[in-house]
Each structure stands twice: as C-alpha cells, then as structure tokens.
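Everything on this sheet refers to the single structure shown next.
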Protein chains: 2
Amino acid sequence: MSKAKLGNRLKVARAEKNLSQEELARLVGVTRQTISSVETGQYCPSALLAFLLAQKLEKPITDLFFIEGDEP
Amino acid sequence: MSKAKLGNRLKVARAEKNLSQEELARLVGVTRQTISSVETGQYCPSALLAFLLAQKLEKPITDLFFIEGDEP
DNA sequence: GCATATTGTCAAGTATACTTTTCAAATTGA
DNA sequence: TCAATTTGAAAAGTATACTTGACAATATGC
C-alpha cells in the first residue's frame, strides 16, 4: 500500500458532541478500544467505519479524516 | 462491526478517466487485484485507500462510496 | 486469425483492523 | 475524599484487507 497516512480530528469532533468513546462506539457498532485506537492514530479505520463516524458525528468525512504525507 | 455495507461507483469513475485497473492501481499504490476486488464488492477498502482513490479519480469521496443498509 | 490488453477469480500467504479481557491513571462530581 | 466515569494501553485472538502468482475469458487492434 501507498506510504501515505490518514490523520483525523475525531477526538475534537466527538468532544463537540459531548460523547464518550463508549457512546460513540455504540453508535457506530464497534468497541470503545477501536475508537480509542483510531483517535490515537494506532491504525487507520476501514472506509465503512470512517463513513459511519462521519454520519454519527454529523460532519463531512473530509473534515474528520485527511491524507498526510502523500506523493511518494 | 456494524452490519452496514459500503457500496461504490469506482468502475464508472475509473472508466470516465479512461484508466485500466492496472493504471489506477499504480496511481494509488496497490495491486490490480485489490482494485478489482473493491470494484466487484469483495471487500471494503481501508479509509486511506478510499481517500487515495477519490484523489486520483478527482471525485469527492462521497461520490465514490456510500453506506448501504444502515440503521439496524 | 493472431497477438496483446484487460478483467475476474482463486489459492495461499502476510499485514492490519477489530475484539475481548484486563490494568492503571487521570477526571469529575457529590 | 471517595466513588464512578473516562481514557490509554497491552496482549492474545479473530476477521478482513491486501499481496503474489497464476489461469481462463473476453475484448481490441492489426
């Protein structure tokens, strides 16, 4: 796979909606640890999870995620 | 994970740009089989790959991918 | 008709997303 | 200050994304 990475602004967006990781996890159907791992950049979510997060946080997906270090 | 699925319009978007699966694969840094598998719905790409595809196909990511069968 | 390009698919392997369980630390509030 | 909530993180397991190599089928151009 491309060496680019995917950054995110999940933590802020979640805070704006006053949701705990636990609550957001339930909304999108994953575990709390998955939310935590994505927020702290441990791994890149699936496209499906990214879309679900955008939907539940009521933000455009491009506001939540962005490509970092592309090109090469 | 949520039981929702992610549909896509990749094949059309790629055709519009006159790219072969092979060429698109090179552009985003994956193999041809990966492109084929995503197009035929065998699996959901990572969010990173979805963003890269949108970038190289010059389409909004929400034009290329969409949630199917949400709610439950 | 022949050669080449394009695509679907399959099998086996590797990498990574996601789960489950668990512990510690920081935060909040009564 | 004590209890409850929230978060980070780690280890081990399962599921799925992605690779590599290969073969067949169709389409395209000469």
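Laboratory data are not the source of any read-out in this text; all were calculated from the coordinates shown. All of these numbers come straight from a predicted model, not from anything done at the bench. A quick note on method: Cβ atoms are made from the backbone with ideal geometry, for glycine too, and the neighbour counts reach across all protein chains shown.
Restricting the search to the range B:11-31, which residues are hydroxyl-bearing (Ser, Thr, Tyr) and either within 20 Å of B:Phe66 (Cα to Cα) or away from every other protein chain (no Cβ under 14 Å) (or both)?
Keep residues of the range B:11-31 that are hydroxyl-bearing (Ser, Thr, Tyr), which gives B:20, B:31.
Residue satisfying the conditions is B:Ser20 alone.
Looking at (1) among the β-branched types (Val, Ile, Thr); (2) closer than 21 Å to A:Lys5 by Cα; (3) surrounded by fewer than 18 Cβ atoms within 10 Å (Cβ to Cβ), can you tell me which one B:Ile61 breaks? Unmet for B:Ile61, out of (1) among the β-branched types (Val, Ile, Thr); (2) closer than 21 Å to A:Lys5 by Cα; (3) surrounded by fewer than 18 Cβ atoms within 10 Å (Cβ to Cβ): (3). All told, B:Glu22 meets the bar of being of a type outside the set (A, V, I, L, M, F, W, C), within 14 Å of DNA strand D (Cβ to nearest atom), more than 22 Å from A:Val30 (Cα to Cα) and in contact with a Lys or Arg (Cβ under 7 Å, 6 or more places away or on another chain). Whether any residue in the range B:35-53 is over 11 Å from the mean Cα position of the chain (by Cα) and crowded, with 17+ Cβ neighbours inside 10 Å is what I want to check. Within the range B:35-53, none of the residues are over 11 Å from the mean Cα position of the chain (by Cα) and crowded, with 17+ Cβ neighbours inside 10 Å. Evaluated against (1) outside any helix (DSSP H, G or I); (2) buried (at least 20 other Cβ atoms within 10 Å of the Cβ); (3) under 9 Å from the mean Cα position of the chain (by Cα), B:Gly7 falls short on exactly one condition, (2).
Being within 11 Å of DNA strand D (Cβ to nearest atom), under 27 Å from B:Lys59 (Cβ atoms), in contact (Cβ under 8 Å) with a residue 40 or more places away in the chain and not small (Gly, Ala, Ser): is that true of A:Leu10 here?
Details: within 11 Å of DNA strand D (Cβ to nearest atom): yes; under 27 Å from B:Lys59 (Cβ atoms): yes; in contact (Cβ under 8 Å) with a residue 40 or more places away in the chain: yes; not small (Gly, Ala, Ser): yes.
For A:Leu10, the condition - within 11 Å of DNA strand D (Cβ to nearest atom), under 27 Å from B:Lys59 (Cβ atoms), in contact (Cβ under 8 Å) with a residue 40 or more places away in the chain and not small (Gly, Ala, Ser) - is met.
Considering only residues that are surrounded by 14 or more Cβ atoms within 10 Å (Cβ to Cβ) and outside any helix (DSSP H, G or I), which ones fall in the range A:18-31? Spell out how you get there, then give the answer.
Kept after step one, since they are surrounded by 14 or more Cβ atoms within 10 Å (Cβ to Cβ), are these residues of the range A:18-31: A:19, A:21, A:23-30.
Passing the criteria: A:Leu19, A:Gly29, A:Val30.
Taking the range A:48-60 only, how many residues are under 16 Å from A:Ile35 (Cα atoms) and more than 16 Å from DNA strand D (Cβ to nearest atom)? The qualifying residues number 2.
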